[in-house]
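Visitor: Supplied in structure tokens, the structure appears directly below.
The values are calculated or read from the model by the stated rules, or taken from the named source; none is laboratory data. All values reported here derive from a predicted model rather than from experimental measurement. All Cβ positions, glycine included, derive from the backbone under ideal geometry; neighbour counts span all protein chains shown. Accessible surface is based on the protein model in full, side chains and every heavy atom, while ligands, DNA and RNA are left aside. Shrake-Rupley method; radii C 1.70, N 1.55, O 1.52, S 1.80 Å.
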Amino acid sequence: LKYIRKSGNVLHIGAATVIDDVFDFCKKNKTNNHVLRALKEKISVFASNQTRNVASIVGNIVIASPSTDFTNFLPAVGAKLTIFDISSMKEKEISLDDFFLDRYKTILKDTDIIKEISFNLESLVPTIDNTTDHIFVYKIANRREIAGCILSATIRADISKNDNIIKGMKIAFSKLSN
């Protein structure tokens, strides 16, 4: 469960992969990919170096706190979770849009294990050609590297190169004040 791999345009991050390993992967990327750049920005203001060395992205989202950094980033990039149910021995893939039920509540059952997170690096709408992917991340906090924040947001849009029309867009916020 500790891996980072790219399959075509999809990035797969194992559930046990520590955030610092994802940060290193993003820093080593030389493709200038918008999603990896935004992920690197998101991680750069995520907690302290010590926390990034032991924490995982899955651990960050599974508590379903409204103030965590990845509860807005992953839905905004169209991420999916691969979940394994140990009682039925079946695997399913769900969108992050369907993962959170409420504050501190997710769809996970006691028998579920998250295997990985995956998301498309090129487009929210991979079936539409000739679009430009744009992604922006924001975080407002009392201190730069703080676990909780006042506001965190991620915006991703696919804009047609032909007519500048938005073909796909996701906007996600977390922790709107305190």
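Visitor: Here are some conditions: (1) open to solvent by 10 Å² or more (accessible area, probe 1.4 Å); (2) of a type in the set (A, V, I, L, M); (3) modelled with pLDDT of 90 or more. Ile83 meets all but one. Which one does it not meet?
Guide: Looking at each condition in turn, Ile83 falls short on (1).
Visitor: Go through the residues of segment 32-50 one by one and say whether even a single one is assigned to a loop (DSSP other than H, G, I, E, B), surrounded by fewer than 18 Cβ atoms within 10 Å (Cβ to Cβ) and in contact with a helix residue (DSSP H, G or I) (Cβ under 7 Å, 6 or more places away or on another chain).
Guide: No - not one qualifying residue is present in segment 32-50.
Visitor: Has segment 78-92 got at least one residue that is part of a loop (DSSP other than H, G, I, E, B) and of a type in the set (Asp, Glu)? Walk me through how you get there before you give the answer.
Guide: Applying the first criterion (part of a loop (DSSP other than H, G, I, E, B)) to segment 78-92 yields 78-79, 86-89.
Right, trim to of a type in the set (Asp, Glu) and you get none.
Within segment 78-92 (the criterion being part of a loop (DSSP other than H, G, I, E, B) and of a type in the set (Asp, Glu)), the answer is no, since none of the residues qualifies.
Visitor: Six or more apart or on different chains, Cβ atoms under 6 Å: show the pairs whose first residue is in segment 43-67 and among the basic types (Lys, Arg) and whose second is buried (at least 17 other Cβ atoms within 10 Å of the Cβ) and modelled with pLDDT of 90 or more.
Guide: As it stands, the answer is Arg52/Ile19; Arg52/Asp20, since those pairs meet every condition given.
Visitor: Determine which member of the set Lys80, Lys27, Lys6 is more than 25 Å from Leu101 (Cα to Cα), among the basic types (Lys, Arg) and out of contact with any Lys or Arg (no Cβ under 9 Å at 6 or more places or on another chain). If you could, list the steps in order and put the result at the bottom.
Guide: Values: Lys80 fails: more than 25 Å from Leu101 (Cα to Cα); Lys27 fails: out of contact with any Lys or Arg (no Cβ under 9 Å at 6 or more places or on another chain).
None of the others qualify; the one that does is Lys6.
Visitor: Just name the residue that is modelled with the lowest pLDDT out of those in segment 47-76 that are out of contact with any Ser or Thr (no Cβ under 7 Å at 6 or more places or on another chain) and within 14 Å of Thr154 (Cα to Cα).
Guide: Across segment 47-76, the extreme among qualifying residues is Phe70.
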